[in-house]
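Down below is the structure, laid out as structure tokens.
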């Protein structure tokens, strides 16, 4: 066979391996969570009690924990992501200050999550503990609120950098038209730039959400790892909890029988499917947006 | 100026101030974290720290040589797996953008990019750890290679797409065979872009902990055997940070400092390369 053909074949095989890899991940997760799916059924998802010692498995505490931490983090991060995107995209797109800020924001994403977790554990947790004592909730220090704060910082770069490049792509005739009609800078941003980039900015938020849902180490170190459901909303928010990713990280190597292990894998499967869907929707919006 | 105009102008100025405030205030947590790690870590690092294994609880001293060696071996092994596969797949995607395989492979890259790292660790546990019957550095490298792949593929694809077609056409018209055109003309032209993707992916995986929890697992002793459990910097930080001992916390601070410096330098260095090449990763 000619070298050219061999080379083309190799390229093709490498790409095909990628497909096999992704399908393999999905199949492995499904096959390995079969024992749990079979013995626990669909009610696994809203079972309120997770008690491996007595062989009771319910994913509800982790679903709640994951949703609560991710969405709190997202809500905290949105004003900052938008502000960065508007500043770097519209107010100050060029120059050294703009570059410096852009690179600094990107460094936030570069810091390993285990370092955020360690820092949070030794610096943030005591601060939060005294704050909690002041507002009159049980001063755990660790918990959903603490994890959300750290998570919020960690996910800002994803939405911010996408938002920046989208806002820079807004055609200047549109903005100039608005200025010509006598609009102020704020009015141009509010009535031209933001509506024009709305779906793209939304996609950026989806990508941030995907990160937040799957983030493991920082959350596992800061959330306090309790699989019980809190009694009040206040406790659920400030008290310790667990997310899908953190419970997998903490209990996977301890899981000593089939259904226990399999229940953890089913959590992983749910996490995988949810993050993949969120990411693909985000990517789809971006592609559609940048093509038009 | 009439009153309404004044209100509108004030609104605009207030809005701008809020935006500037929010945009810059978020750098404060980063700066605080960086300074804190440097303050806690820099005093730990010395020659002894780099060349000794962690001391048992109760003894002072000790270092992180097992984690350093482990990180180097694991990352080198994952690069060995992910870089060739990633570059070849990237070439395929840029050369055959319209085929059905390219569409699905591109979709897979997007999926891989979003997979939570803990899930990758779990899957590799069933692929390698369970059949071999032991945690191993090799399984950790495979898990990290899976995390590396999408970044290497995308950066290769993006870089090669930026190169002008005339480059390839000129080489082909001289009668150079296709594989030589790609390997000797196209890839060298896009070298800087591909390299920056590789460096970025290394920076990303060197700090990954979650995929290693169930694969490389960690090891308190110095080990270079890739079929045995192996320590790595992020694993050491996680295990010692969550321990109750101050001595171990200090080791973790030192390890955090070294890891952080490595990641930051790699990122800054990558920035310098990408500045020349307008690459979106």
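The values are calculated or read from the model by the stated rules, or taken from the named source; none is laboratory data. As the structure is a computational prediction, the values presented were derived from the model and not from experiment. A quick note on method: Cβ atoms are made from the backbone with ideal geometry, for glycine too, and the neighbour counts reach across all protein chains shown.
Assorted remarks:
- Criterion (part of a helix (DSSP H, G or I), more than 11 Å from chain A (Cβ to nearest Cβ) and under 29 Å from residue A:107 (Cα atoms)) met by exactly one of B:38, B:31: B:38
- Listed by position, the helices (runs of 4 or more DSSP H) inside region A:135-205 whose residues that are surrounded by 24 or more Cβ atoms within 10 Å (Cβ to Cβ) number at least 2 are A:144-168.
- Of the residues making up region A:48-61, just one is in contact with a strand residue (DSSP E or B) (Cβ under 9 Å, 6 or more places away or on another chain) and surrounded by fewer than 17 Cβ atoms within 10 Å (Cβ to Cβ), namely A:49.
- Residue match in region B:55-73 (condition: touching a helix residue (DSSP H, G or I) at 6+ places or on another chain (Cβ under 7 Å), closer than 17 Å to residue B:145 by Cβ and within 14 Å of chain A (Cβ to nearest Cβ)): yes
- Scope region B:113-137; condition more than 7 Å from every other protein chain (Cβ to nearest Cβ), touching a residue at least 60 places away in the same chain (Cβ under 8 Å) and outside any helix (DSSP H, G or I); matching residues: B:134, B:135, B:136
Matching residues to (1) facing chain B (nearest Cβ under 10 Å); (2) in contact with a helix residue (DSSP H, G or I) (Cβ under 9 Å, 6 or more places away or on another chain); (3) at pLDDT 95 or above:
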| residue | (1), (2), (3) |
| --- | --- |
| A:198 | no, no, no |
| A:209 | no, yes, yes |
| A:232 | no, no, no |
| A:241 | no, yes, no |
| A:251 | no, yes, no |
| A:254 | no, yes, no |
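Okay, residues lined up against (1) under 14 Å from residue A:164 (Cα atoms); (2) in a helix (DSSP H, G or I); (3) modelled with pLDDT of 95 or more:
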residue	(1), (2), (3)
A:36	no, yes, no
A:48	no, no, no
A:61	no, yes, no
A:70	no, yes, yes
A:74	no, yes, yes
A:90	yes, yes, no
A:93	yes, no, no
A:106	yes, yes, no
A:129	no, yes, no
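- The sole residue among A:162, A:124, A:100 that is closer than 14 Å to residue B:26 by Cα and either within 12 Å of chain B (Cβ to nearest Cβ) or under 20 Å from the mean Cα position of the chain (by Cα) (or both) is A:100.
- Of all the listed residues (B:75, B:45, B:57, B:53), the sole one being in contact with a strand residue (DSSP E or B) (Cβ under 8 Å, 6 or more places away or on another chain) and in contact (Cβ under 8 Å) with a residue 24 or more places away in the chain is B:53.
- Scanning region A:1-27 for residues that are more than 21 Å from residue B:106 (Cα to Cα) and either part of a helix (DSSP H, G or I) or in contact with a strand residue (DSSP E or B) (Cβ under 7 Å, 6 or more places away or on another chain) (or both) turns up A:3, A:4, A:5, A:6.
- Considering region B:240-257, and only residues there that are more than 10 Å from residue A:118 (Cα to Cα) and not in a loop (DSSP other than H, G, I, E, B), the residue that is farthest from the other protein chains (Cβ to nearest Cβ) turns out to be B:247.
- Criterion (within 30 Å of residue B:91 (Cα to Cα) and within 28 Å of the chain's Cα centre (by Cα)) met by exactly one of A:106, A:4, A:90: A:106
- Only one of the numbered conditions (1) within 30 Å of residue B:157 (Cβ to Cβ); (2) free of Cβ contacts under 8 Å to residues at least 60 places away in the same chain; (3) buried (at least 23 other Cβ atoms within 10 Å of the Cβ) is not met by residue B:237, and that is (1).
- Only residues that are touching a helix residue (DSSP H, G or I) at 6+ places or on another chain (Cβ under 7 Å) and facing chain B (nearest Cβ under 8 Å) were counted in region A:22-44, giving 5.
- Looking across A:275, A:290, one residue alone is modelled with pLDDT under 90, in a helix (DSSP H, G or I) and within 30 Å of residue B:110 (Cβ to Cβ). It is A:290.
- Residue list for region B:88-112, filter: surrounded by fewer than 18 Cβ atoms within 10 Å (Cβ to Cβ) and either facing chain A (nearest Cβ under 7 Å) or in a helix (DSSP H, G or I) (or both): B:100, B:101, B:103, B:104, B:107
- Condition met for residue A:214 (facing chain B (nearest Cβ under 9 Å), under 21 Å from the mean Cα position of the chain (by Cα) and touching a residue at least 24 places away in the same chain (Cβ under 8 Å)): yes
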